[in-house]
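Nothing in this text is a laboratory measurement; each read-out follows from the coordinates by a stated rule. Small disclaimer: the values here were computed from a predicted structure and weren't measured. Neighbour counts are summed over all protein chains in view; Cβ atoms, including those assigned to glycine, are modelled from backbone coordinates with ideal geometry.
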């Protein structure tokens, strides 16, 4: 009976396997293959007649590395700013706001998430342009003498990426904080912990998985982003994604572009693994530092109430 | 969006021992929350407001009117781009709904080695940078079209539907898996005991129970496809430019109010489909948090 029930279910995954192998695994493998080739003459895009690692050497030149560090800086700073902005907001929605308003507020956070990101970025372009309303407003108030010159700078790109990825940080933080029930915080307070202590020893450690998920959800796509930089950063393209795109769209050197893409993916994977290892180590160290040895407590006399940790 | 209200009575308000200090921190958090919401809605409000600009240039405000809507919907290029986008989105929604729902059912009902590997592969499609998907699919479609001699992959719409489905199959799979693993397997077993054929069992029991997940997943795939810019800009073919790619190319020329007008219309289309998703999920018993998690891509 069970066998009869299960056999067809396994086969149900077959279309997904075929589809993903044909249009995800195979294309990515093809890019990997192209990265060992070369650009044959002026009009070809790729050739694998001669295989070499030369494209990787070519990809890792000074311009690329400078762009790489710039991308990493924007991504790390962007993730950090998103966390600093999103965490208090998520805490506010999950803890302070009355239950019946929470759904509405989360829905409001989802609206920008689901607006086409090009359109959101365009909105910033209008707002920040030298003849835009922010600029003229600041000048009318006498806060600035000359038109605003934010557009097409690194600051504008940073603002744009923080804006674009903020909802991806808010939602996992909110989901995690929403689960840390009020009774745990009350228990912490009843046991004599102050509000700061409750926040750092109870609420934040419980929300840690959500915070980690948020950082991952922001950092990974941010590293590969390039449209935000194209729209707000102008001609001075300084994200790796733009370099890859230009090799495919303008330079028509697919071999070099593929090598850059492989380097980008490897770099993202390594960064995420290193960050995960560091986060785990820190968590273990913190837990060890805070550990309360129960046998010692049990053998001691009953501690005075509200006396903190014995 | 009132459908997103949380279930009543899941939590009671915490007592306030030190009321004054509490209220200051609450007030500060409240101010911060309001500021974040203003920040989140500023550029969207700007686009919606500027879509009513009657001037010739988007960035300089002339006056209020609907001329940009009329002008935008009047231009064949823009109408063509919207048509391409909607066709590709419907195709991608159908394709990924079929593939993703079947995979979701399989993953929910059967563990084993292959299930873990498939989950990993689907997870990878979600975290791969879009630029990598874009260039690999471009190379692959070109090879299939010219080297392998399959003219099907020289069709721009086919390319868009496949490329967008690669991005959204995982979302549909995870939504359907979450729905089906929450439901009772005994109904299917009962049907099997009553000599229902596998097909009849699937059609009469499994599919109706999974339907809200399939519908929500399909609509998510629709909106994902409607919004996709990066992959679409690589795999598209001349004459079949979808709307977001048209906006991207228009950025290099002077921006006109028509862009804002049509973008506002597309935003309304996206929000209506998402409201339907939220409604479907709420009707079938998800909490607001579950709905929010689904709407950010499975999880």
With each pseudo-label sitting 7 Å past Cα toward Cβ, what's the residue A:183-residue A:270 distance in nm, one decimal?
-> 4.8 nm
Determine, from the Cβ-Cβ distance of residue A:66 and residue A:197 and an R0 of 51 Å, the FRET efficiency 1/(1 + (r/R0)^6), rounded to the nearest 0.05.
-> 0.70
Debye log10 I(q)/I(0) at q = 0.12 Å⁻¹ for the stretch B:43-184, Cα point scatterers = -0.73
What FRET efficiency would be calculated for the residue pair residue A:76, residue A:133, taking the C-beta separation as r and a Förster radius of 25 Å, to the nearest 0.05?
-> 0.20
With only alpha-carbon atoms counted, please give the Rg and Dmax of the stretch B:130-175, in Å.
-> 11.8, 37
Computed label-point distance, nm, for sites residue B:45 and residue B:117 using a 7 Å Cα→Cβ extension = 5.3 nm
Helix A:254-290 vs. chain A, principal-axis angle (Cα, 0 to 90°, nearest 10) = 10 degrees
Most packed first (mean Cβ within 10 Å per residue), the peptides B:224-236, B:207-219 order as B:224-236, B:207-219
Sort largest first and round to whole Å: the equivalent ellipsoid semi-axes of the stretch B:113-258, each the square root of five times a Cα gyration tensor eigenvalue.
-> 38, 18, 15
For an R0 of 35 angstrom, estimate the FRET efficiency from the Cβ-Cβ distance between residue B:32 and residue A:14 and round to the nearest 0.05.
-> 0.10
Taking the highest mean first, how do the peptides B:176-186, B:157-167 order by number of other beta carbon atoms within 10 angstrom per residue?
-> B:157-167, B:176-186
Mind checking B:24-36 for the average number of partner chain beta-carbons within 10 Å of each residue's beta-carbon?
-> 4
Considering Cα pairs under 8 angstrom that are at least six residues apart, work out the relative contact order of chain B and quote it in whole percent.
-> 31 percent
Distance in nm between pseudo-label sites at residue B:272 and residue B:155 (7 Å out along the Cβ direction from Cα) = 2.8 nm
Let me know the whole percent of all Cα-Cα pairs from the stretch A:119-181 that are separated by more than 19 Å.
-> 48 percent
Any idea what diffusion coefficient the stretch A:107-251 gets from Stokes-Einstein, in µm²/s, Kirkwood Rh on alpha carbon pairs, 4 °C, 1.567 mPa s?
-> 71 µm²/s
Where the convex hull is taken over the Cα atoms of the stretch A:169-246, what is its projected area averaged over directions, in nm²?
-> 6.6 nm²
Report, largest value first, the span of the C-alpha coordinates of chain B along each principal axis, in whole Å.
-> 75, 71, 31
Answer check: chain A, Cα atoms, Kirkwood Rh, Rg/Rh ratio of 1.08
Bounding extents of the protein assembly as shown in its principal axis frame from Cα atoms, largest first in Å, are 85, 81, 53
Looking only at other chains, what is the average number of their beta-carbon atoms within 10 angstrom of each beta-carbon in A:89-97?
-> 5
Determine the gain in length on full extension of the stretch residue B:146-residue B:207; use 0.36 nm per residue of separation and subtract their C-alpha separation, reporting nm with one decimal.
-> 18.0 nm
